[in-house]
Amino acid sequence: MRFPDGFGWGAATSAYQIEGAAKEDGRGESVWDTFSHTPGRIRNGDTGDVAADHYHRYAQDLDLMRDLGLRSYRFSISWPRIQADGSGRPNQRGLDFYRRLVDGLHERDIAPMATLFHWDLPQALQDAGGWENRDTAERFAEYADAVFHALGDQVPVWLTVNEPKTVVQNGYIFGHHAPGFRDEDAAYLVAHHLQLAHGLAVRALRASGLTGRIGPALNLHPCYPADDSAEAAAATKLHDGYENRLYLDSIFKGAYPQDVLDDRGPDSRLVRGVRDGDLKIISSPVDLLAVQYYTPIYVTGDGSTVRKWPTSEAEWQQIYPEGMYDILTRVTRDYGRVPITITENGLPCPDVPGADGNVDDAGRVSFLRDHFAAAHRAIGDGVPLESYHVWSLLDNFEWAEGYEQRWGLVYVDYASQRRVLKRSAHWYRDVIRRNGL
Ligand code: IFM
C-alpha cells in the first residue's frame, strides 16, 4: 500500500503539553496555567509546569524526529511566550526559541508546520473577557502578524486555531477544560470569535506578503444515526451541524448552518454577535484544511449519543477507522478539493516499559495501521490528502487527564525525562521509509 511520492509523514505536539519552562524567558501566564493550578481541575493535580521539558530538550527531540525519518513536524507556538499579556511588543526571547526550533527542523530536513493557537490563551486576555470578548480575535491577529514577521521566511504551513470546537464544548459547555465555564449561550459566541480570529489571521498572512500556506485545524467527527428511525436521522443531522458544519460551512461557504442558527434562536449570543462582514472575514480563502480525526459519534432519536465500538483509554474515543475514510471523503465531496493534511490521529495506550526497557504498544501499531489504510483508500477515491501527523510525538500533558494517558510514539519517563522509542515508533519509521504499509 504505497502512498503518493513525497507524502508528508509527520507527528504533532502542542506547546503547553510538552514545553514546560512555564516561567522562563519572559513567558506570561495562560488560562491553562491558571486552570491546572486550580485544585481539583486536573487528574492527580498535574500541571504543565515541566511537562516533557521540551523547551530545554528540543535539540534532543529534533534528533529523535530525524531518527524516525519524519518529513513534517506540527508544533504550536505559545502565545504567552510571545506576548506575556496577550498584546504589545513581542518578546524576542520567546520568538528566539521558535526560531531555534524551526532552524533545527530545516537542518534535519523536516518541514515545520506551526499552529498559532493551541488553547493557551494569555490569562490577561481571559481577565478581559477571553473569547467572549470580540477584541480577543483582534489581539490574536496582531499576535499572528508578529509571529509571521519573525518566522514567516522559514515556516511553509501555518494553522490558525486548533480545534475551536474543543474550546467551545470542553471549555465553555462541560467546563472540564480552561477556562472551566458551563454556559452554552456564551459557548457559541466563543465559537464565532474563534472563527473570526481564524479569518483575521488568514488575512494577516496575506497582508504580510509572505508566501506561506494557511488553514484551520478542525477536529471533525463523522456523525451516524444510532438506529434506522426518522427521529435518529433528524437528530444526527443537527448534531453534525454542531460538530462539523458550524466550522466547515462558515470557513468554506461563508455562512453558519441555518439549522444550528435556528436551534440557537434569534436571541442567542451567537446570532446577536455576528456582525456584517464577519462571515466574509471567516471565509477568507485558505490554502489547506487540517483534519483531526479520533472518533465517530452515534446519535439517537432524542439527540443523545451512544457507543457502538470499543473505546481506547480515553472514554470518549471509539475506535472506528472507517470514520477516517468517511470524514475525508465527505469533506472533499461537500467542500471541494481543498488540499487536506491530517494533523492529529492517535490513541492513548497503557504503555509501560517491560523488563528489557522496551515499550510494546501493539495496540497503537494496529490502530495506526488501520487508520493509515483508511486514509490510503480515501486518497484512492480522490481525496487530496498530502500529509499525516500522528498524535503525538511524545507522551505529554493530556489536559484534564494530566500525565495519566500516554499518547506518544515516544515514551517519556517524567522523573528522569528519558525518552524511549515505543514499538509503534520503530514501526512508524519503517512505514515512512517504505512510504506505505
Ligand atoms: O491532546 C489532544 C490535543 O491537544 C488536541 N486534540 C486531541 C488530543 C487528544 O485528546
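The values are calculated or read from the model by the stated rules, or taken from the named source; none is laboratory data. Model, not experiment: these values are computed from the prediction. Neighbour counts are summed over all protein chains in view; Cβ atoms, including those assigned to glycine, are modelled from backbone coordinates with ideal geometry. These area figures cover heavy atoms from the full protein model, side chains too; ligands, DNA and RNA do not enter into them. Shrake-Rupley method; radii C 1.70, N 1.55, O 1.52, S 1.80 Å.
With the simple model of a label 7 Å out from the Cα in the direction of the Cβ, residue 233 to residue 92 spans 6.5 nm.
Note on the stretch 45-88 and the stretch 299-346: Cα centroid distance 27 Å, given to the nearest whole angstrom.
Arranged from highest to lowest average of other beta-carbon atoms within 10 Å per residue, in what order do the peptides 154-164, 239-249 appear? If you can, show how the numbers build up before the last one.
Details: 154-164: 24.0, 239-249: 22.4.
Result, highest mean first: 154-164, 239-249.
Taking the Cβ of residue 158 as the centre, find all other residues whose Cβ is under 11 Å away and add up their charges (Lys, Arg: +1; Asp, Glu: -1). Here the charged neighbours net out to +1. Averaging over all projection directions, the Cα-based convex hull of the stretch 335-379 occupies 4.3 nm² in the image plane.
For the chain, the solvent-accessible area of protein heavy atoms averages 37 Å² per residue (probe radius 1.4 Å; ligands and nucleic acids excluded). Measuring against 31 Å, Cα to Cα, the residue pairs 237/422; 280/308; 23/253; 237/280; 23/165 contain 237/422; 280/308; 23/253 as the ones spanning a longer distance.
What you get for the chain, charging only the Cβ of Lys and Arg (+1) and of Asp and Glu (-1), is a dipole of about 1080 debye around the Cα centre. Rg and Dmax, both from the Cα atoms of the stretch 1-97 and both in Å, are 16.1, 50.
Working from the pairwise distances between different alpha carbons, so that the mean of 1/r is found and then inverted, what is the stretch 1-50's Kirkwood radius in Å? All intermediate terms of the calculation are to be shown ahead of the outcome.
On the way: mean 1/r = 0.0742 Å⁻¹.
Here the Kirkwood hydrodynamic radius works out to 13.5 Å.
Could you tell me how far the Cα centroid of the stretch 93-112 sits from the Cα centroid of the stretch 258-298, in Å? Measuring centre to centre over Cα atoms gives 33 Å.
Take the Cα gyration tensor of the stretch 224-365, multiply each eigenvalue by 5, square-root it, and list the three semi-axes largest first, rounded to whole angstrom.
Numbers: eigenvalues 221, 89, 40 Å².
They are 33, 21, 14 Å, listed from largest to smallest.
For the chain, hydrophobic long helices are taken as DSSP H runs at least 18 Å long by C-alpha position along their axis with mean Kyte-Doolittle hydropathy of -1.0 or more; these are 92-107, 135-151, 184-208, 322-335, 362-380.
Efficiency by 1/(1 + (r/R0)^6): what FRET value for residue 360 and residue 23, r their Cβ-Cβ distance, R0 = 45 Å, to the nearest 0.05? Spell out each step's value before the answer.
Values: r = 37 Å, r/R0 = 0.83.
My answer for the efficiency is 0.75.
Of the two radii for the stretch 37-190, the radius of gyration is 0.99 times the Kirkwood radius, both from the alpha carbons; that is the Rg over Rh value. Per residue, the convex hull spanned by the Cα atoms of the stretch 177-236 measures out at 153 cubic angstrom.
Take every DSSP beta bridge with both residues inside the chain and express the antiparallel ones as a percent of the total, to the nearest 5. Show your work: numbers first, answer last.
Details: 10 of 45 bridges.
The antiparallel fraction comes to roughly 20 percent.
For the stretch 265-307, backbone nitrogen atoms closer than 20 Å to the point 7 Å from residue 322 Cα along Cα-to-C-beta are found at 293-301, 305-307. If you take all other residues with their beta carbon under 10 Å from the beta carbon of residue 176, and give Lys and Arg +1 and Asp and Glu -1, the sum is +1.
What shape does the stretch 303-360 take by its C-alpha gyration tensor, where a ≥ b ≥ c are the square roots of the eigenvalues and a/c under 1.5 counts as rounded, a/b above b/c as prolate, and the rest as oblate? Before the final figure, lay out each step's value.
Numbers: a/c = 3.96, a/b = 1.69, b/c = 2.34.
Oblate, because a/c is 1.5 or more while a/b does not exceed b/c.
Hey, any idea what % of the chain's accessible area is carbon plus sulfur with a 1.4 Å probe?
Of all accessible area on the chain, carbon and sulfur atoms account for 49 percent.
Annotation for residue 272 and residue 133: the two label points, set 7 Å from Cα along the Cα-Cβ direction, are 1.9 nm apart.
Give me the tail of P(r) for the stretch 100-184 as a percent: Cα-Cα pairs with distance above 16 Å. Show your work: numbers first, answer last.
Values: 2131 of 3570 pairs.
More than 16 Å apart: 60 percent of the Cα pairs in the stretch 100-184.
Both numbers refer to the Cα atoms of the stretch 52-96; Rg and Dmax are 13.4, 39 Å.
For the chain, the Kirkwood hydrodynamic radius from C-alpha pairs, put into Stokes-Einstein at 20 °C and a viscosity of 1.002 mPa s, yields a diffusion coefficient of 98 µm² per second.
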